[in-house]
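The structure appears right after this line, and notes come after that.
The values are calculated or read from the model by the stated rules, or taken from the named source; none is laboratory data. On a predicted model such as this, the values are computed, not experimentally measured, just so you know. Note that each Cβ is placed from the backbone with ideal geometry, even for glycine, and that neighbours are counted across all protein chains shown.
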Amino acid sequence: MFKLIGDAVATATALKPLVANANHCEIVIAPPFTALKSVADRLEGSNIRVAAQNVSTEPKHGAHTGEICGDMLKDAGCSHVIIGHSERRSMYGDTDQVVNRKIRAALSFSLTPIVCIGETLAEREEGREQTVVGSQLKDSLAELTGSDLMRIMLAYEPVWAIGTGRTASPAQAQEMHAFIRNWLRENFDSQVADGMRILYGGSVKPDNISDLMSQTDIDGALVGGASLEAESFSKIVNYNR
């Protein structure tokens with residue numbers, strides 16, 4: 001929940017030339033709802049795509065005051081949507097079952113869901129991180145097909161590393177990413193497991209992105225605070241240059 005419309009447009013405009021030559025990755029930014037259309041219009045024709053930060057569970061318009069339907073996001077210029085971010089889960093009641101419904105709704109409008117999973121500090125200290133993440137995967141992806149999953153990205157975000165300045169070590173992140181990929185292989189198939197892009201989120205910064213991205217099973221980053229300034233975010237995008 002950052003940036004008024006003018007600020008969001010200014011940041012996106014400043015980012016465009018800084019990442020214009022980045023062809024090694026897909027670049028997506030997620031402004032607040034109020035700025036989606038203005039930012040998407042300003043980015044038209046660029047290599048930056050736009051995501052919403054949430055979507056309704058409902059695939060049809062109706063009496064759902066305060067919600068926003070997937071086709072409204074498409075209409076505003078979105079191609080992606082973040083679903084199940086830890087703040088949505090912990091503060092706003094987005095259970096795994098709600099996340100599952102939101103994924104289905106997003107897919108029905110050909111939006112690409114970026115589905116967040118991850119454990120709390122207490123769960124990690126209790127040694128339950130894989131049990132927790134496995135349960136989130138099972139329920140959040142329930143009854144989806146392999147072809148559905150090929151249209152989804154996963155984002156592992158250890159809750160204890162979000163906005164705290166703490167980051168999972170590259171080895172810790174890789175261990176969980178490998179667990180997630182193996183879970184996909186066991187519960188779907190190798191095509192899904194190998195094709196799935198699994199992002200790491202949790203205090204990603206210009207000075208740790210290279211070490212994170214050097215890990216075998218980390219395919220990208222879900223960037224929080226460091227994405228609020230065009231300069232710092234562009235350094236993350238261009239980490240390999």
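Just the residues that are closer than 13 Å to residue 219 by Cα and in contact with a strand residue (DSSP E or B) (Cβ under 8 Å, 6 or more places away or on another chain), please, taken from segment 183-207.
Once the filter is applied, which keeps residues that are closer than 13 Å to residue 219 by Cα and in contact with a strand residue (DSSP E or B) (Cβ under 8 Å, 6 or more places away or on another chain), segment 183-207 yields 196, 197, 198, 199, 200, 201.
If a residue counts only when it is among the hydrophobic types (A, V, I, L, M, F, W, C), out of contact with any Pro (no Cβ under 8 Å at 6 or more places or on another chain) and more than 16 Å from residue 133 (Cα to Cα), which helices (runs of 4 or more DSSP H) contained entirely in segment 175-238 have at least 3 such residues?
Filter on segment 175-238 gives 230-237.
Answer yes if at least one residue in segment 148-170 is over 18 Å from the mean Cα position of the chain (by Cα) and modelled with pLDDT of 95 or more, and no otherwise.
no
So which of 90, 79 is touching a Lys or Arg at 6+ places or on another chain (Cβ under 8 Å) and surrounded by fewer than 19 Cβ atoms within 10 Å (Cβ to Cβ)?
After applying the criteria, what remains is 79.
Examine segment 93-109 for a residue that is more than 30 Å from residue 160 (Cβ to Cβ) and free of Cβ contacts under 8 Å to residues at least 24 places away in the same chain, and state whether such a residue exists.
no
Would you mind finding the one in 211, 217, 139 that is closer than 21 Å to residue 85 by Cα, surrounded by 15 or more Cβ atoms within 10 Å (Cβ to Cβ) and modelled with pLDDT of 95 or more?
Within the list 211, 217, 139, the selection yields 217.
Only one of 185, 197 is of a type in the set (Lys, Arg) and either closer than 16 Å to residue 84 by Cβ or touching a residue at least 40 places away in the same chain (Cβ under 8 Å) (or both). Can you tell me which?
The unique qualifying residue is 197.
Quick check on segment 93-114: of everything there that is part of a helix (DSSP H, G or I) and touching a Pro at 6+ places or on another chain (Cβ under 8 Å), which residue is surrounded by the fewest Cβ atoms within 10 Å (Cβ to Cβ)?
108
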